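The structure appears right after this line, and notes come after that.
The values are calculated or read from the model by the stated rules, or taken from the named source; none is laboratory data. Because the structure is a prediction, the values reported are computed rather than measured. Glycine also receives a Cβ, built like all others from the backbone with ideal geometry; neighbour counts cover every protein chain displayed.
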Amino acid sequence: MEHILEIFNSGTGAIQIYGIIILLLFAGAFGFPFPEDAVFLSVGYVAYKGVVDPVTAGIVGYIVVLGSDSVVYFLGNKLGKKVCNLPLLRTIITPEAIQKGSVLLKKNGPRFVFISKFIVGLRYTVFFVSGMMRVGYKRFLIFDALASAVTVSTLVSLAYFNGHRVDSIFSHVKNIEYYILYVVIAVVLFFVFRYYFIKNKKGAI
């Protein structure tokens, strides 16, 4: 993860940082070792240092993420299992991963796109299989956009407000998105229970 932070530290201004964000996020979507999580933590850190505005940088990254995820979706839609023959992508989208992603999507439906966003190593396979299984692009984009809004804002904010201990944050990067998912599930359950509690209470009056 440190090499990603070094790349961002090499930037001398906001324009360069935005270019780095675009380059790394698209490269990460095609199998290069630039995890989305580490990229956004690095964005938060350079924002902490005052090089870029955290909101602007987050929005730029958010748009790029939706674009790169969409590219993976359309690769699945157009190429299908032929992608396993491509040198760059066959390391992250294997026949076994495609099978696993297909089972999960069939079992859970397009909503699993939202959940997969929080699982490093699974997200791109699910995006690819979503295209391959002809999940509607509009539905795919909605779930991806919702999940990305949570991950991007949380990761950038986490590093921005805790820049003084960024090394500690980077050491736990593999677990961070699981924690985010747990929080999201807890919030959703809270509102679901609250809705039914209020509904049942009104019905009892």
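Structure summary
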| read-out | value |
| --- | --- |
| Wholly enclosed helices (runs of 4 or more DSSP H) of region 90-205 bearing at least 1 residues out of contact with any helix residue (DSSP H, G or I) (no Cβ under 7 Å at 6 or more places or on another chain), more than 29 Å from P33 (Cβ to Cβ) and at pLDDT 85 or above | 95-108, 137-161 |
| One residue from A149, A159 being farther than 20 Å from L104 by Cβ, out of contact with any Lys or Arg (no Cβ under 8 Å at 6 or more places or on another chain) and crowded, with 18+ Cβ neighbours inside 10 Å | A159 |
| Matching entry among A14, A27 (being within 18 Å of the chain's Cα centre (by Cα) and surrounded by 15 or more Cβ atoms within 10 Å (Cβ to Cβ)) | A27 |
| Residue list for region 131-151, filter: touching a residue at least 24 places away in the same chain (Cβ under 8 Å) and among the aliphatic types (A, V, I, L, M) | M132, M133, V135, L141, A145, L146, A147, A149, V150 |
| Answer residue from region 10-32, given it is part of a loop (DSSP other than H, G, I, E, B) and modelled with pLDDT under 85 and is nearest to V60 (Cα to Cα) among those | G11 |
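Residue-wise test of (1) out of contact with any Ser or Thr (no Cβ under 8 Å at 6 or more places or on another chain); (2) among the basic types (K, R); (3) at pLDDT 85 or above; (4) in a loop (DSSP other than H, G, I, E, B).
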{"site": "F34", "(1), (2), (3), (4)": "yes, no, yes, yes"}
{"site": "G44", "(1), (2), (3), (4)": "no, no, yes, no"}
{"site": "A47", "(1), (2), (3), (4)": "yes, no, yes, no"}
{"site": "V55", "(1), (2), (3), (4)": "yes, no, yes, no"}
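Results for (1) crowded, with 21+ Cβ neighbours inside 10 Å; (2) touching a residue at least 12 places away in the same chain (Cβ under 8 Å); (3) over 13 Å from the mean Cα position of the chain (by Cα); (4) under 30 Å from G163 (Cβ atoms), shown as yes or no for each residue.
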residue	(1), (2), (3), (4)
F8	yes, yes, yes, yes
L23	no, no, yes, yes
G31	no, yes, yes, yes
V39	yes, yes, no, yes
V46	yes, yes, yes, yes
K49	no, yes, yes, yes
V55	no, no, yes, yes
S70	no, yes, no, no
